[in-house]
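Worksheet: one structure, shown below.
The values are calculated or read from the model by the stated rules, or taken from the named source; none is laboratory data. Quantities reported herein were computed from a predicted structural model and do not represent experimental measurements. For neighbour counting, all protein chains shown are included, and Cβ atoms are generated from backbone atoms with ideal geometry for every residue, glycine included. Ligands, DNA and RNA are stripped out before the accessible areas are found, and what is left, the full protein with its side chains, is counted by its heavy atoms. Shrake-Rupley method; radii C 1.70, N 1.55, O 1.52, S 1.80 Å.
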2 protein chains.
Amino acid sequence: MSKNLTKRSEDYSKWYNELVVKADLAENSGVRGCMVIKPYGYAIWEKMQAQLDKMFKETGHENAYFPLFVPKSMFEAEEKNAEGFAKECAIVTHYRLKNDENNKGKLIVDPNAKLEEELIVRPTSEAIIWPTYKKWISSYRDLPLLINQWANVVRWEMRTRLFLRTAEFLWQEGHTAHATKQEALEEAQQMHQVYTDFVQDFMAIPVVKGAKTETERFAGADETYTIEALMQDGKALQAGTSHFLGQSFAKAFDVKFANNEGKLEYVWGTSWGVSTRLMGALIMTHSDDNGLVLPPNLAPIQVVIVPIHKTDEQLDEISAQVNELVKNLRKNGISVKYDSRTNLKPGFKFNEYELKGVPIRLAIGPKDLENGTYELARRDNLTKEVVAKEGIEEYIKNLLETIQSDLYTKALNFRNEHITEVNTWDEFVDVLENKTGFILAHWDGTPETEEKIKDLTKATIRCIPLDQKEEEGVCILTGKPSNKRVLFAKAY
Amino acid sequence: MSKNLTKRSEDYSKWYNELVVKADLAENSGVRGCMVIKPYGYAIWEKMQAQLDKMFKETGHENAYFPLFVPKSMFEAEEKNAEGFAKECAIVTHYRLKNDENNKGKLIVDPNAKLEEELIVRPTSEAIIWPTYKKWISSYRDLPLLINQWANVVRWEMRTRLFLRTAEFLWQEGHTAHATKQEALEEAQQMHQVYTDFVQDFMAIPVVKGAKTETERFAGADETYTIEALMQDGKALQAGTSHFLGQSFAKAFDVKFANNEGKLEYVWGTSWGVSTRLMGALIMTHSDDNGLVLPPNLAPIQVVIVPIHKTDEQLDEISAQVNELVKNLRKNGISVKYDSRTNLKPGFKFNEYELKGVPIRLAIGPKDLENGTYELARRDNLTKEVVAKEGIEEYIKNLLETIQSDLYTKALNFRNEHITEVNTWDEFVDVLENKTGFILAHWDGTPETEEKIKDLTKATIRCIPLDQKEEEGVCILTGKPSNKRVLFAKAY
């Protein structure tokens with residue numbers, strides 16, 4: 001069945017770009033590198049937000065909102081962070097336009113409205129949040145401070161792709177402050193686990209949990225925890241990160257608290273975030289040549305019902321029965337759409353809902369009415385079956401759970417088949433070029449070797465997996481000793 | 001009971017500013033005119049968002065997300081809109097910082113990273129959304145397009161006040177496109193009614209519904225509907241607006257559709273929005289000299305329970321009973337907090353929850369344990385009573401509804417007492433200076449008179465009330481004939 005969608009095997013990248021647009025998820029805007037998230041795509045993002053927000057609140061976090069702009073001087077305060085983000089930021093320098101006297105109807109920047117200090121559109125909010133925390137924290141009783149923000153951020157990317165890398169994107173950023181190093185570390189690890197649970201259980205995407213190497217850490221962090229997912233083209237995608245900031249921001253912004261002995265100490269910090277990039281991971285993990293495949297947990301429409309009829313009487317009869325089913329499904333908390341548009345053929349509708357990844361499609365025609373059945377099609381494995389209308393609500397409820405878990409298993413199997421252990425440089429290069437996927441290999445632990453491997457192959461160290469056992473070996477590039485394999489891949 | 005809060009009668013403006021900060025709603029940030037919305041304030045905003053979002057979806061709208069930036073050329077396309085907003089906008093001119101070679105650790109704007117076209121941080125999104133709609137609309141089948149966006153916007157205000165007027169604020173903006181003038185008008189009116197219902201029923205704030213005069217209309221609109229609320233100091237606050245845009249944006253951005261006869265026509269548009277400004281309306285309508293007063297619908301904590309005890313044993317006994325109550329209240333969908341902190345005195349806690357506007361406070365001591373009672377204090381009218389623990393869940397549930405409706409009635413009575421009909425200029429000036437509040441008066445219908453009245457008194461025409469009957473009269477300033485009274489007030 002063709003939706004004029006390029007096949008993945010022909011051009012994976014083109015397939016992705018076409019799918020995002022044709023499935024009504026997002027499109028490029030008239031602003032370089034900025035996307036429009038369309039209603040259908042945004043409805044999926046809203047489901048992610050709702051679940052994450054619930055999980056954040058269950059772990060004791062509250063939402064707040066901080067300014068979009070960071071004055072340059074605040075931005076400079078944490079040196080590494082500034083270095084890491086200064087190269088790609090939008091800078092507000094003026095606050096007024098005026099009429100162009102030489103060109104009617106046109107506006108020019110008013111040179112008299114230059115800001116004394118430039119404002120950076122936040123690429124991340126540590127530099128605006130920590131000066132606020134300084135005001136809020138004075139005693140150990142003010143700690144821990146557990147705050148999350150839902151916001152837009154801007155990083156001036158030169159090469160952008162819908163959802164995966166855009167100049168503006170939507171995300172959440174958690175920022176916490178603690179009295180002890182241990183507590184901050186545990187917070188960073190806890191949120192790492194929250195992301196893992198969310199991405200695996202809710203998005204049906206298996207991940208490898210690990211720590212970033214020093215080179216790949218968040219600018220200003222002592223430790224960055226990451227979850228790494230594998231896309232169908234064998235490339236990795238960083239799906240979420242949680243940073244243990246140590247005392248770097250506390251020192252940069254002078255945030256101290258009096259401990260229970262009255263002594264002043266710097267607080268310990270974390271930050272953690274996931275973004276609309278997860279939409280890219282979702283699409284590239286589950287979808288196929290027919291279009292989007294959505295896990296039931298994230299599907300704005302979980303069940304679509306299409307009537308097949310020749311006469312108006314048939315349609316009336318079908319509708320009477322379907323309306324009852326729709327009511328019952330909704331009572332069960334299932335989101336369902338009955339598409340009774342008469343100007344479109346059933347085949348057209350089938351294509352449309354396949355393209356949009358609706359997990360279950362029911363069709364009902366005159367024969368089904370007679371037999372008391374529906375034709376049920378699963379989007380994930382494209383199978384069809386005839387199902388009795390008696391008890392179909394319960395059947396669908398269970399099937400949605402089955403689909404959710406089948407999608408995870410399928411992705412997990414794919415991922416496991418694409419983790420290869422290699423011991424030599426030749427094997428390494430061979431897997432990268434032919435099999436693709438994750439590679440577990442020994443590395444000598446130096447940034448120099450990491451950099452060299454990247455230059456030679458474009459593969460990066462995705463993470464030092466947390467569950468990886470100690471094992472003697474030698475670095476694939478330098479032959480120097482190593483006691484743990486790390487996870488390599490080419491990445492988005 | 002003093003919270004070191006300035007009294008309203010002493011200095012209303014100071015009272016407001018202090019209350020916003022002391023009740024942990026918001027505070028000024030290090031960025032000129034931008035606020036930090038603190039967790040407690042944000043939790044109230046989240047409740048507003050959730051309810052509004054539900055109402056928008058029930059009326060057929062979907063959420064989407066459009067870019068933060070508007071290229072200058074798009075901004076210029078609708079002339080009136082550009083004129084109206086160009087005078088107060090943040091302008092991005094560069095996209096990179098670099099190290100200052102003369103000043104280690106400092107960053108400067110990289111002059112080589114100047115944008116070819118400046119980007120305006122959206123003050124409102126018509127100019128970025130309508131070019132997108134051009135891509136989405138080709139036939140009458142694509143209409144109506146009913147979209148809402150939750151977003152931050154920036155207007156470079158010179159004088160700012162927390163929630164009421166800030167450079168950056170949070171809002172929702174609906175943007176719809178329709179095939180006929182009638183349908184677009186009805187949409188604008190429908191959303192006007194949605195705002196009315198939300199503000200009156202949910203926020204317990206009575207409003208006057210009306211249309212703006214030409215002068216006060218949204219830049220680019222053919223008609224602006226508004227809801228106007230009255231604050232305790234007798235000043236008006238515009239709480240929400242819904243605009244019938246006619247075809248102005250469709251023409252500016254060339255958005256046409258083929259009607260069912262295949263003819264091309266310009267579409268008709270609306271836009272409508274409410275913002276974090278509503279937080280200001282909420283505070284200034286209900287609160288008193290003891291602090292915030294929250295309608296139960298918007299209270300993050302609806303019931304707080306404070307134990308009064310001398311010994312640990314007493315606390316244990318109290319806690320055992322209270323934990324049961326907490327469970328039962330939560331089962332009833334009531335948000336409740338049990339504050340058993342032992343390092344703070346009950347009186348301190350009472351003050352804190354009064355300051356934060358928690359609608360119902362329960363206290364329980366050893367005597368109550370004996371008698372099977374709680375002491376219940378209402379925040380809205382500061383009354384106390386002793387209530388039997390048997391059936392207290394049902395009692396509280398009903399009382400929350402009573403408080404919600406009492407708050408509305410109280411505000412409505414105040415508002416009605418502060419609407420004065422005047423027929424002469426002297427009366428007009430007298431009411432403005434002494435009684436304050438809304439004034440219903442005749443006006444000759446010209447922008448010149450409107451402007452002159454504003455210059456003379458600072459009072460503006462808040463709206464032409466929709467329910468105002470026709471009535472012969474003469475303009476209070478010019479003596480020219482008029483057939484309808486309009487609503488004047490000094491305003492925020």
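Somewhere in the stretch A:234-251, is a residue in the same structural domain as A:PRO39 (by TED's automatic domain parsing), within 30 Å of A:PHE348 (Cα to Cα), among the polar types (S, T, N, Q) and modelled with pLDDT of 95 or more? Scanning the stretch A:234-251, I find no residue that is in the same structural domain as A:PRO39 (by TED's automatic domain parsing), within 30 Å of A:PHE348 (Cα to Cα), among the polar types (S, T, N, Q) and modelled with pLDDT of 95 or more, so the answer is no.
Yes/no per residue for (1) within 14 Å of chain B (Cβ to nearest Cβ); (2) part of a helix (DSSP H, G or I):
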{"position": "A:PHE169", "(1), (2)": "yes, no"}
{"position": "A:THR176", "(1), (2)": "yes, no"}
{"position": "A:GLU183", "(1), (2)": "no, yes"}
{"position": "A:ALA188", "(1), (2)": "no, yes"}
{"position": "A:VAL194", "(1), (2)": "no, yes"}
{"position": "A:ASP197", "(1), (2)": "no, yes"}
{"position": "A:THR215", "(1), (2)": "no, no"}
{"position": "A:GLU228", "(1), (2)": "no, no"}
{"position": "A:HIS243", "(1), (2)": "no, no"}
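Surrounded by 17 or more Cβ atoms within 10 Å (Cβ to Cβ) and either of a type in the set (D, E, K, R) or in a strand (DSSP E or B) (or both) - does that describe any residue in the stretch B:417-432? Within the stretch B:417-432, one or more residues are surrounded by 17 or more Cβ atoms within 10 Å (Cβ to Cβ) and either of a type in the set (D, E, K, R) or in a strand (DSSP E or B) (or both). Answer yes or no as to whether A:LEU52 is surrounded by 23 or more Cβ atoms within 10 Å (Cβ to Cβ), more than 9 Å from every other protein chain (Cβ to nearest Cβ) and outside any strand (DSSP E or B). No: the conditions fail for A:LEU52.
Residues in the stretch B:106-125 that are charged (D, E, K, R) and under 16 Å from B:GLU88 (Cβ atoms): B:GLU118, B:ARG122.
Here is a check on your reading of the model: is B:GLU10 more than 9 Å from chain A (Cβ to nearest Cβ) and open to solvent by 10 Å² or more (accessible area, probe 1.4 Å)? In short, yes.
Of all residues in the stretch B:267-306, those that are in a helix (DSSP H, G or I) and among the β-branched types (Val, Ile, Thr) total 2. The listed residues are A:PHE253, A:PHE249, and the only one of them that is open to solvent by 10 Å² or more (accessible area, probe 1.4 Å) and of a type in the set (A, V, I, L, M, F, W, C) turns out to be A:PHE253. The criterion of at least 2 residues that are in contact with a helix residue (DSSP H, G or I) (Cβ under 9 Å, 6 or more places away or on another chain) is met, among helices (runs of 4 or more DSSP H) falling completely within the stretch B:308-394, by B:312-331, B:366-371. Within this structure, B:LEU400 fails the test of being assigned to a helix (DSSP H, G or I) and closer than 19 Å to B:LYS490 by Cβ.
Taking the criterion of being open to solvent by 80 Å² or more (accessible area, probe 1.4 Å) and closer than 21 Å to B:GLU228 by Cα, the residues of the stretch B:433-454 that qualify are B:GLU433, B:ASN434, B:LYS435, B:GLU451, B:LYS454. The residues in the stretch B:18-37 that are modelled with pLDDT of 95 or more and either crowded, with 22+ Cβ neighbours inside 10 Å or among the hydrophobic types (A, V, I, L, M, F, W, C) (or both) can be counted, and the count is 11. Of all residues in the stretch A:87-113, those satisfying the criterion of being out of contact with any Leu (no Cβ under 9 Å at 6 or more places or on another chain) and under 14 Å from B:GLU118 (Cα atoms) are A:ARG96, A:LYS106, A:PRO111.
Listed here are the residues, each with its yes/no results for (1) in the same structural domain as B:ARG361 (by TED's automatic domain parsing); (2) under 16 Å from the mean Cα position of the chain (by Cα); (3) within 14 Å of B:SER340 (Cα to Cα); (4) among the β-branched types (Val, Ile, Thr).
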| residue | (1), (2), (3), (4) |
| --- | --- |
| B:THR276 | no, yes, no, yes |
| B:LEU282 | no, yes, no, no |
| B:ILE308 | yes, no, yes, yes |
| B:THR311 | yes, no, yes, yes |
| B:ASP316 | yes, no, yes, no |
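The conditions of being in the same structural domain as B:SER73 (by TED's automatic domain parsing), surrounded by 14 or more Cβ atoms within 10 Å (Cβ to Cβ) and more than 28 Å from the chain's Cα centre (by Cα) are met by B:TYR95.
The set of residues in the stretch A:220-239 being open to solvent by 20 Å² or more (accessible area, probe 1.4 Å) and of a type outside the set (S, T, N, Q) consists of A:ASP222, A:GLU223, A:ASP233, A:LYS235.
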